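Colleague: Could you have a look at this structure, given as structure tokens, before my questions?
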Amino acid sequence: MVVLGINSNHANASACFIEDGKILYAMEEERINRIKNSAGFPSESIRLGLKYLNLKLEDINHVAVNINPFAAFFEKIKFTIKNISSINEKFLKFSKSLNKLNIKNELYKLNDNKKFNFKLHFIEHHISHISSAFHVSGFEKSLGISIDGSGDFTSTAIGICDGNEINILKRIYYPHSLGIFYTSLTKYLGFNNYGDEYKVMGLSSYGTAKLVSKLSSLIDIKNNGEFKLNIKYFTHHKNMDFISIFNKEVKINNIIDEIKLESLIGIKHRLKNEKVTEMHKDLAYATQYIYEKAFFNILNYHQKKTKLDTLCLAGGCANNSSANGKILENTNFKDLFIQPASTDAGGALGAALVVDKKINKNSKKFLMKNIYLGNSFSQKEIKKTLDANKSLFNTKNFKLYQNLSNESIIDKVIEEITCKKIIAIFRDRIEWGSRSLGNRSIIGDPRLDNMREILNSKIKLREDFRPFAPSILLDKVSEWFEVGNKNTFPFMMEVKKVKLNKKALIPAVTHVDGTGRLQTVSENENIFYYNLIKKFYAKTGIPILLNTSFNENEPIVLTPQEAISTFLRTKIDGLILQDNLILKKT
């Protein structure tokens, strides 16, 4: 039995295919249409998944969508009556929500407008999020928490996950939202793109606590694990369309009352290209500090209430790796699982898993050990792409090695990296979620003081306050990082402190606050990447490589031609293309 899960009309449109509890395939629409955080219906993800799996739409038994327009119905009505004066606007907003029920028509379009038999399921947004983490965590019982901007009129949901069941204990409804709190200040700091919150997280490490007291006026953190925004500083309750979608691009509209906020904190809204000052760093610090205070208040209250010692975390706020890395040290949880595609993309997976568990008695427990769940490309497809670019690679500016053994590629790449070169990797199946974990990565030497500057000038063209991540051999992590009793961090979702005696050895992946966003690499989950790091360790004594995503201010590359195009237009020194290696001559 195959279940198709989709995230549609939210940002991060996506599709996944589940069979008997196993994830067969998962893809975000942005990787295909090249629109960052693409919204709309995930038609291309579905098409590509069907092709990759050699399936037809007629093979799909069930379709699960991570939204239920009728969830929190009475809360919506109460809010509408209280906050929206125009009757026409009320009906317009409600009708807009109901338009998401057109999923069947979209699927029929993909089938040449031919109808086919399947059952359609609408799964509440936050239950989908929690499911996306719990049902792949390996835990039998756990506290499940989903925190984001808003979905199905809810911003936060806390539930007990037991076996195949998720029972919600508490919901925090719109307009009160930690996601909106963080996003509003991200935009105020001049980071205007949807999903730019990670920039504030990186910047926060440079700030001080000067603005914490004043900014705390924006949110009331309660003893019962709840919080409320001081909505006099916000505008999203007056206009629920604080996020708009145009041609599949997601835009953030006005969320905060800039005049009132400026009066409170004494800092003007930073323009996009305006210099980042010490005041902006302090505002970023305060934003992260207050977010963490509210976040840990939720976690600790419900942990003590339920006495559960494992946690599953999802929702857009679960991308806050700085907060995530402090969970086990600041709570009584003994273990946690964070969905690596914690944005709304992951909701497609969660919705599909809810349906699978409900209707399939033979559904197996699936443990998500890796996230290599998208497309790979055959040697024939890669050779065809290489042949199309052969006239270029045959020039004196490049050296092309074809059909190499893994050992030969690794030897050559390590030689390049230890000579301060930057190498891109394009191998096997593309990663699911926002992190590149060795199959679509750019790697470099973590020992170099100026590696951030080199990467930013050559390729990434991004703010200098943003850190790059370390990929480390699994069996070496406790020697290099303060990780406590946990030593597995396969998805780069947690920030941990570098040990004091190791900081000077890996400056390129040590942030200003002495931390790194960890990816542990095991032999079982990615043998090529593991052996690559192991070879670097043998040569340098450092069991770590710098890892960043293979892209240039765009979605992560999906196809061999996109890999080659990015390689050619940037100053990347080498490209691993499955069993081939292309080096630029200097």
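Colleague: Could you tell me whether residue 244 is surrounded by fewer than 17 Cβ atoms within 10 Å (Cβ to Cβ), assigned to a helix (DSSP H, G or I), without any contact (Cβ under 8 Å) to a residue 40 or more places away in the chain and polar (S, T, N, Q)?
Modeller: No; evaluated as a whole, the condition is false for this residue.
Colleague: Tally up the residues in the range 216-233 that are more than 17 Å from residue 257 (Cα to Cα) and crowded, with 16+ Cβ neighbours inside 10 Å, please.
Modeller: 4
Colleague: If you don't mind, there's one more thing I want to ask. Inspect the range 433-441 for any residue being in a strand (DSSP E or B), open to solvent by 30 Å² or more (accessible area, probe 1.4 Å) and in contact with a Phe, Trp or Tyr (Cβ under 7 Å, 6 or more places away or on another chain) and give the result as yes or no.
Modeller: No, the range 433-441 contains no residue that is in a strand (DSSP E or B), open to solvent by 30 Å² or more (accessible area, probe 1.4 Å) and in contact with a Phe, Trp or Tyr (Cβ under 7 Å, 6 or more places away or on another chain).
Residue by residue, here is whether (1) aromatic (Phe, Trp, Tyr); (2) over 22 Å from residue 326 (Cα atoms) holds:
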| site | (1), (2) |
| --- | --- |
| 119 | no, yes |
| 145 | no, no |
| 152 | no, yes |
| 192 | no, yes |
| 198 | yes, no |
| 201 | no, no |
| 206 | yes, no |
| 222 | no, no |
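Colleague: Determine, yes or no, whether residue 342 is more than 26 Å from residue 51 (Cβ to Cβ), hydroxyl-bearing (Ser, Thr, Tyr) and either buried (at least 21 other Cβ atoms within 10 Å of the Cβ) or at pLDDT below 95 (or both).
Modeller: When the stated conditions are applied, residue 342 passes them.
Colleague: Considering only the range 527-558, state which residues are under 20 Å from the mean Cα position of the chain (by Cα) and not hydrophobic (A, V, I, L, M, F, W, C).
Modeller: Answer for the range 527-558, where residues must be under 20 Å from the mean Cα position of the chain (by Cα) and not hydrophobic (A, V, I, L, M, F, W, C): 547, 548, 549, 551, 552, 553, 554, 555.
Colleague: Could you tell me how many of the residues in the range 457-472 are among the polar types (S, T, N, Q) and open to solvent by 20 Å² or more (accessible area, probe 1.4 Å)?
Modeller: Selection size over the range 457-472: 1.
Colleague: So, in the range 475-501, exactly how many residues are assigned to a loop (DSSP other than H, G, I, E, B), among the aliphatic types (A, V, I, L, M) and farther than 15 Å from residue 329 by Cα?
Modeller: 3
Residue by residue, here is whether (1) more than 18 Å from residue 515 (Cα to Cα); (2) of a type in the set (S, T, N, Q); (3) free of Cβ contacts under 8 Å to residues at least 40 places away in the same chain holds:
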position: 430; (1), (2), (3): yes, no, no
position: 434; (1), (2), (3): yes, yes, no
position: 437; (1), (2), (3): yes, no, no
position: 441; (1), (2), (3): yes, yes, no
position: 449; (1), (2), (3): no, no, no
position: 452; (1), (2), (3): no, no, no
position: 464; (1), (2), (3): no, no, yes
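Colleague: Could you say which residue among 363, 378 is open to solvent by less than 60 Å² (accessible area, probe 1.4 Å) and free of Cβ contacts under 8 Å to residues at least 24 places away in the same chain?
Modeller: Every option except 378 fails the conditions.
Colleague: What number of residues within the range 453-467 are in contact with a strand residue (DSSP E or B) (Cβ under 8 Å, 6 or more places away or on another chain) and closer than 14 Å to residue 423 by Cβ?
Modeller: 3
Colleague: Between a first residue in the range 119-143 that is among the small types (Gly, Ala, Ser) and surrounded by fewer than 24 Cβ atoms within 10 Å (Cβ to Cβ) and a second residue that is outside any loop (DSSP other than H, G, I, E, B) and at pLDDT 95 or above, which pairs have beta carbons less than 9 Å apart while being 6 or more apart in sequence or on different chains?
Modeller: 138/337
Colleague: Ok, one more. Scan the helices (runs of 4 or more DSSP H) fully inside the range 322-416 and keep the ones with 1 or more residues being within 29 Å of residue 515 (Cβ to Cβ).
Modeller: 327-330, 344-359
Colleague: State which residue pairs qualify: first residue at positive phi and inside the range 417-428, second residue of a type outside the set (D, E, K, R) and modelled with pLDDT of 95 or more in any location, beta carbons under 7 Å apart, and separation of 6 or more residues or different chains.
Modeller: Listed pairs, sorted by first residue: 420/448; 428/372; 428/376; 428/439.
Colleague: Got a sec? Which of 504, 538, 508 is farther than 29 Å from residue 403 by Cβ, open to solvent by 10 Å² or more (accessible area, probe 1.4 Å) and assigned to a helix (DSSP H, G or I)?
Modeller: The unique qualifying residue is 504.
Colleague: Further, regarding this structure: Residues of the range 13-45 being open to solvent by less than 10 Å² (accessible area, probe 1.4 Å) and assigned to a loop (DSSP other than H, G, I, E, B), which ones?
Modeller: Selection gives 13, 21, 29, 38, 39, 42.
The values are calculated or read from the model by the stated rules, or taken from the named source; none is laboratory data. Computed from a predicted structure; not experimentally measured. Glycine gets a Cβ as well: all are built from the backbone with ideal geometry, and neighbour counts include every protein chain shown. Protein only, heavy atoms only, side chains kept; ligands, DNA and RNA dropped before computing areas. Shrake-Rupley method; radii C 1.70, N 1.55, O 1.52, S 1.80 Å.
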